[in-house]
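J.: One structure follows; several queries about it will come next.
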Amino acid sequence: MKIDLLTLFPEMFVSPLQFSLLKKAQEKKLVEINIVNIRDFTLDKHKTADDSPFGGGSGMVMKAEPLIMALGSSLPAGKAGVKGQVILMTPSGKKIDQETAKRLAREKHLTIICGHYEGVDQRFVDKYVDEELSIGDYVLTGGELPALVLIDAVCRLIPGVVKEADSIVNDSFYNGLLDYPSYTRPEEFEGIKIPEVLKSGNHREIARWRRKEALKRTLLNRPELLASAGLKEEDKKLLEELILE
Ligand code: ADE
């Protein structure tokens, strides 16, 4: 996958992209991330990327021209017009979830634009942006951190990035439920032992316990997820047990 990141603050990406899975994914050439400084495409000597809003009001609006030029610069030569999925990070966008990450992980080329200030000239959005995405119902200072969140969520789903496919399949949200609790050595920590079943070697029982714990967490922390989790008869029985307990 190729990701072009259009930003006014390229330095914000340097360190987060140099560690852990994102670093390995780039080293293994599973992902190529190209950072484009929008300010390099401004037209005046002051490198103005924003201007005041028509109609008045506070805040500044990101200008369309530098964004279009920056977008053009990230296209492969001779492929003008073929730009993959163009995404604008903005608190006014659709909220991302694991399904969004799965869908975007199938794309070959993403262009992610980090919005700033009061917004982006709507004519640019209407003509060049395929989707506007938000990472949640809160306002950050800009789209850089949201872009990193999106890139992280998408890249770990690209085949080969996470070693054991298993650890993705068991993720919270992957199957519509939150993840079950995990334990590692030592068996006893500050007087608390690990659940006995995990030492039993009985894989059916372990799977049942994990499913029940996933249901319990979801019921306690995110009950609204249960309605769309595609629960089976066995799950409903486990939920009844939990409610009685
Ligand atoms: N920019 C500022 N806040 C944001 C959010 N919650 N999601 C995406 N982009 C943003």
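The values are calculated or read from the model by the stated rules, or taken from the named source; none is laboratory data. Quick caveat, the model's predicted, so the values are computed rather than measured. Note that we place each Cβ from the backbone using ideal geometry, even for glycine, and neighbour counts take in every protein chain shown.
J.: Could you count how many residues in segment 130-162 are within 13 Å of the ligand (Cβ to nearest atom), within 16 Å of residue 111 (Cβ to Cβ) and buried (at least 19 other Cβ atoms within 10 Å of the Cβ)?
T.: Final tally of qualifying residues: 8.
Listed here are the residues, each with its yes/no results for (1) modelled with pLDDT of 95 or more; (2) within 16 Å of the ligand (Cβ to nearest atom); (3) under 17 Å from the mean Cα position of the chain (by Cα).
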position: 62; (1), (2), (3): yes, yes, no
position: 67; (1), (2), (3): yes, yes, no
position: 71; (1), (2), (3): no, no, no
position: 75; (1), (2), (3): no, no, no
position: 79; (1), (2), (3): no, no, no
position: 86; (1), (2), (3): yes, yes, yes
position: 92; (1), (2), (3): yes, yes, yes
position: 95; (1), (2), (3): yes, yes, yes
position: 100; (1), (2), (3): yes, yes, yes
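J.: Any chance segment 114-126 includes a residue that's more than 10 Å from the chain's Cα centre (by Cα), among the β-branched types (Val, Ile, Thr), crowded, with 17+ Cβ neighbours inside 10 Å and within 8 Å of the ligand (Cβ to nearest atom)? Give the derivation first.
T.: Initial filter on segment 114-126 (more than 10 Å from the chain's Cα centre (by Cα)): 114-126.
Next cut, among the β-branched types (Val, Ile, Thr) only: 120, 125.
Remaining after also requiring crowded, with 17+ Cβ neighbours inside 10 Å: 120, 125.
The next check asks that each one be within 8 Å of the ligand (Cβ to nearest atom); those that pass are none.
Scanning segment 114-126, I find no residue that is more than 10 Å from the chain's Cα centre (by Cα), among the β-branched types (Val, Ile, Thr), crowded, with 17+ Cβ neighbours inside 10 Å and within 8 Å of the ligand (Cβ to nearest atom), so the answer is no.
J.: May I pose another question? Quickly run through segment 1-42 and pick out the residues that are touching a strand residue (DSSP E or B) at 6+ places or on another chain (Cβ under 6 Å) and loosely packed, with under 15 Cβ neighbours inside 10 Å.
T.: 32, 34
J.: Just to be sure I understand the filter: pairs with C-beta atoms under 6 Å, separated by 6 or more residues or on different chains, first member in segment 135-146 and farther than 22 Å from residue 33 by Cα, second member near the ligand (Cβ under 6 Å from one of its atoms). Which pairs pass?
T.: From segment 135-146, the pairs are 139/91.
J.: Right, next: Which count do you get for residues in segment 127-144 that are among the aliphatic types (A, V, I, L, M) and under 10 Å from the mean Cα position of the chain (by Cα)?
T.: Residues in segment 127-144 being among the aliphatic types (A, V, I, L, M) and under 10 Å from the mean Cα position of the chain (by Cα): 2 in total.
J.: If a residue has to be on the phi < 0 side of the Ramachandran plot and modelled with pLDDT of 95 or more to count, how many in segment 45-60 make the cut? Break it down into steps so the answer makes sense when it comes.
T.: Within segment 45-60, the first condition is being on the phi < 0 side of the Ramachandran plot, and the residues that meet it are 45-46, 48-54, 58, 60.
Among the residues that remain, those that are also modelled with pLDDT of 95 or more are: 45-46, 48-54, 60.
Adding up the residues that qualify gives 10.
J.: For segment 227-245, name all the residues that are free of Cβ contacts under 8 Å to residues at least 40 places away in the same chain and touching a Gly at 6+ places or on another chain (Cβ under 9 Å). Before you say what the answer is, go through the steps one by one.
T.: Start the filter on segment 227-245 by keeping residues that are free of Cβ contacts under 8 Å to residues at least 40 places away in the same chain, which leaves 227, 231-245.
Answer for segment 227-245, where residues must be free of Cβ contacts under 8 Å to residues at least 40 places away in the same chain and touching a Gly at 6+ places or on another chain (Cβ under 9 Å): just 231.
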